[in-house]
Amino acid sequence: MEPRRVAVDLAAYQRRIRRGPCFVCGIVRGDPQYEREQVVFEDDQHIAFLDAYPTLYGKVLVAPKAHIEHVVHGLSREAFLQLLAVVHRVATAVERVVPSERTYLLSLGSQQANAHVHWHIAPLPPGTPFERQQFHALMLEHGTVPWSAVQAAELAARLRETLATK
């Protein structure tokens, strides 16, 4: 069943992502302003963390640690495939922890905001009505799932444990 959503101040969100520093680079540096984006996986070249604005429970972002802005020509074929291998590994863990009818995998961002390459892993809850699936389920305009620091810590711990056992 689809959870209720909480409205997002879209104007404030857009100001933050368009004028603020690169959020992925901040997470990689351990900047405390990104405490909601709890890291669930990390290796020398990649990082995976909880989305601070989850439109679906269990939404995780995966990114290269290096500030790369083009998902295709910004990465060599080898680096692209390595990043996708991490996306697959993390998505598999998300599916083990979060019930999902389907898991959406996509790279979003823009040169105007959120330019750092990142992939979204978004588990669609079973029973979500069709008209609220796909892009509708991912859009901030429809709100985010209710989310607390405690819930984030619990989910992050479960994902880290699942990833550690693979």
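The values are calculated or read from the model by the stated rules, or taken from the named source; none is laboratory data. These numbers come from a predicted model, not from an experiment. When we count neighbours, we look across all protein chains shown, and the Cβ atoms used for this are built from the backbone with ideal geometry, even at glycine. We work out accessible area using only protein heavy atoms, side chains counted, and drop any ligands, DNA or RNA first. Shrake-Rupley method; radii C 1.70, N 1.55, O 1.52, S 1.80 Å.
Tabulated results
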read-out	value
Pair list, Cβ under 7 Å, 6 or more apart: the range 65-80 residue buried (at least 16 other Cβ atoms within 10 Å of the Cβ), other residue among the hydrophobic types (A, V, I, L, M, F, W, C) and assigned to a helix (DSSP H, G or I)	65/28; 75/83
Test result for residue 85, over 28 Å from residue 136 (Cβ atoms), in a helix (DSSP H, G or I) and open to solvent by 10 Å² or more (accessible area, probe 1.4 Å)	yes
Residue tally, condition touching a residue at least 12 places away in the same chain (Cβ under 8 Å), in a helix (DSSP H, G or I) and over 16 Å from the mean Cα position of the chain (by Cα), over the range 9-47	3
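Conditions (1) in contact (Cβ under 8 Å) with a residue 24 or more places away in the chain; (2) part of a helix (DSSP H, G or I); (3) more than 13 Å from residue 51 (Cβ to Cβ), marked per residue:
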position	(1), (2), (3)
91	yes, yes, yes
95	yes, yes, yes
99	yes, no, yes
103	no, no, yes
116	yes, no, yes
122	yes, no, no
126	yes, no, yes
136	no, yes, yes
